[in-house]
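Okay, so here's the structure we're looking at.
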Amino acid sequence: ILNVEQSPQSLHVQEGDSTNFTCSFPSSNFYALHWYRWETAKSPEALFVMTLNGDEKKKGRISATLNTKEGYSYLYIKGSQPEDSATYLCARNSGGSNYKLTFGKGTLLTVNP
Amino acid sequence: DAGVIQSPRHEVTEMGQEVTLRCKPISGHDYLFWYRQTMMRGLELLIYFNNNVPIDDSGMPEDRFSAKMPNASFSTLKIQPSEPRDSAVYFCASSYGGSRTPYGYTFGSGTRLTVV
């Protein structure tokens, strides 16, 4: 994998459903993996930053895991609510740079009431 | 802190005109990034600064684009002359490089540029 890739591109779920999506990234020269939440007409907001293989982070109903050896991260949302509707972006620190992030194109989540 | 402040929020201009986008980073942040967001490419890094010095401008599309950071509290991205294909949302973000652990970005609200 050369770039940061996210799947699916979009997702529709019903309120109360649990869901998850994937971020795949180059595993070489790994430094950190970031997740952002981006609501329409707003700016991206940081959710998690993960660095260690096996890392798990949680914020309320949202959690994320990290596998640096195989180059993927999962974001989970438990009991989706309409206010969870947003684009979820992942980003990887670009090789060798602690500060330059390469973003995936995001997963657009729509939660129907 | 008011966060990262960008201006204007919206800009509509005619092809060939000069456009200047402005950004005020969070006080104390020593990294500043300019990104462009389009449907086709997602968020693309254009240029970033560390302590007001441009570090990597490899993402700047062409010579029509230029960016400056004259001091720690202000940066501009200029397009001259503008073209319709420059229409996009331009985001500024800042970050702090002094932390031992990776620090996320704080994004501004973006400038939606339309070139007609």
Seminar exercise, completed: Residues of segment B:71-116 being farther than 19 Å from B:Val53 by Cβ, outside any strand (DSSP E or B) and hydrophobic (A, V, I, L, M, F, W, C), in sequence order, are B:Val116
Problem set entry | Count of residues meeting criterion [more than 10 Å from chain A (Cβ to nearest Cβ) and touching a Lys or Arg at 6+ places or on another chain (Cβ under 6 Å)] in segment B:31-55 | 1
Problem set entry | Members of segment B:57-73 that are touching a Pro at 6+ places or on another chain (Cβ under 8 Å) and closer than 24 Å to B:Glu83 by Cβ | B:Arg64, B:Ala67
Exercise. Quick check: anything in segment B:43-66 in contact (Cβ under 8 Å) with a residue 24 or more places away in the chain, in contact with a Phe, Trp or Tyr (Cβ under 7 Å, 6 or more places away or on another chain) and among the polar types (S, T, N, Q)?
Worked result: yes
Problem set entry | B:Asp30 being touching a Leu at 6+ places or on another chain (Cβ under 9 Å) and either over 17 Å from B:Leu77 (Cβ atoms) or without any contact (Cβ under 8 Å) to a residue 40 or more places away in the chain (or both) | no
For this session: Determine the pairs where a residue that is on the phi > 0 side of the Ramachandran plot, located within segment A:9-21, has a partner that is basic (Lys, Arg) and exposed (fewer than 13 other Cβ atoms within 10 Å of the Cβ) with Cβ atoms under 9 Å apart, the partner being 6 or more residues away or on another chain.
Result: none
Seminar exercise, completed: Here, strands (runs of 3 or more DSSP E) confined to segment A:1-83 with at least 2 residues that are more than 11 Å from chain B (Cβ to nearest Cβ) and in contact with a Leu (Cβ under 6 Å, 6 or more places away or on another chain) are A:10-14, A:62-67
Exercise. Counting only residues that are part of a loop (DSSP other than H, G, I, E, B) and in contact with a Ser or Thr (Cβ under 9 Å, 6 or more places away or on another chain), which one in segment A:84-104 is surrounded by the fewest Cβ atoms within 10 Å (Cβ to Cβ)?
Worked result: A:Gly95
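Of the residues B:Gly16, B:Gly97, B:Gly28, which is of a type in the set (Gly, Ala, Ser), away from every other protein chain (no Cβ under 14 Å), under 30 Å from A:Leu52 (Cβ atoms) and surrounded by fewer than 20 Cβ atoms within 10 Å (Cβ to Cβ)?
Matching residue, one of B:Gly16, B:Gly97, B:Gly28: B:Gly28.
Every number here is computed from the coordinates shown, using simple stated rules; none is lab data. Remember, it's a predicted structure, so these values are computed and weren't measured experimentally. Here the Cβ is made from the backbone with ideal geometry for all residues, glycine too, and neighbour counts use every protein chain on show.
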